[in-house]
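Each remark here refers to the structure printed beneath this line.
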């Protein structure tokens, strides 16, 4: 009778340990520090399995993931290029040459960014913004 209780206890400890480690904080430590975003369904499912089998460890896993932000999908990436490096993309009339701009972006970011993509959001700047960067508008 002693053997089944040890076997059950060992299985219980194994299950508890696997459920405590099944949280996004351990699998994706690079996601820590996010405060909002889209919830990762894989991490949420693992935490929900923890609730399904063991309520307390599952709730702890959810709490840790929400507190650290590891449950959220990673956000978009941002890159910045200095205005001096973008100067060759400006034509003599003050308009941007898309071919030259794409070449500069590919050289600086090591990525081929299609500038004719319909999802591309283009912002219009003002004369004051150009003057702030030392650029002269010629339009």
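Here residue 30 fulfils each of the conditions (1) modelled with pLDDT under 85; (2) within 16 Å of the chain's Cα centre (by Cα); (3) surrounded by 14 or more Cβ atoms within 10 Å (Cβ to Cβ) apart from (3).
Scan the range 107-125 and give yes if some residue there is in a helix (DSSP H, G or I) and modelled with pLDDT under 75, otherwise no.
Residues of the range 107-125 that are in a helix (DSSP H, G or I), as a first pass: 107-109.
Among the residues that remain, those that are also modelled with pLDDT under 75 are: none.
Scanning the range 107-125 turns up no residue that is in a helix (DSSP H, G or I) and modelled with pLDDT under 75.
Note on the range 80-98: residues that are over 20 Å from residue 132 (Cβ atoms) and in contact with a helix residue (DSSP H, G or I) (Cβ under 9 Å, 6 or more places away or on another chain) amount to 3.
On the stretch given as the range 66-94, residues that are surrounded by 12 or more Cβ atoms within 10 Å (Cβ to Cβ) and part of a loop (DSSP other than H, G, I, E, B) total 7. Taken as a whole, the condition of being modelled with pLDDT of 80 or more and within 30 Å of residue 107 (Cβ to Cβ) does not apply to residue 80.
The values are calculated or read from the model by the stated rules, or taken from the named source; none is laboratory data. Remember, it's a predicted structure, so these values are computed and weren't measured experimentally. All Cβ positions, even for glycine, are placed from backbone atoms using ideal geometry, and neighbour counts span all protein chains on display.
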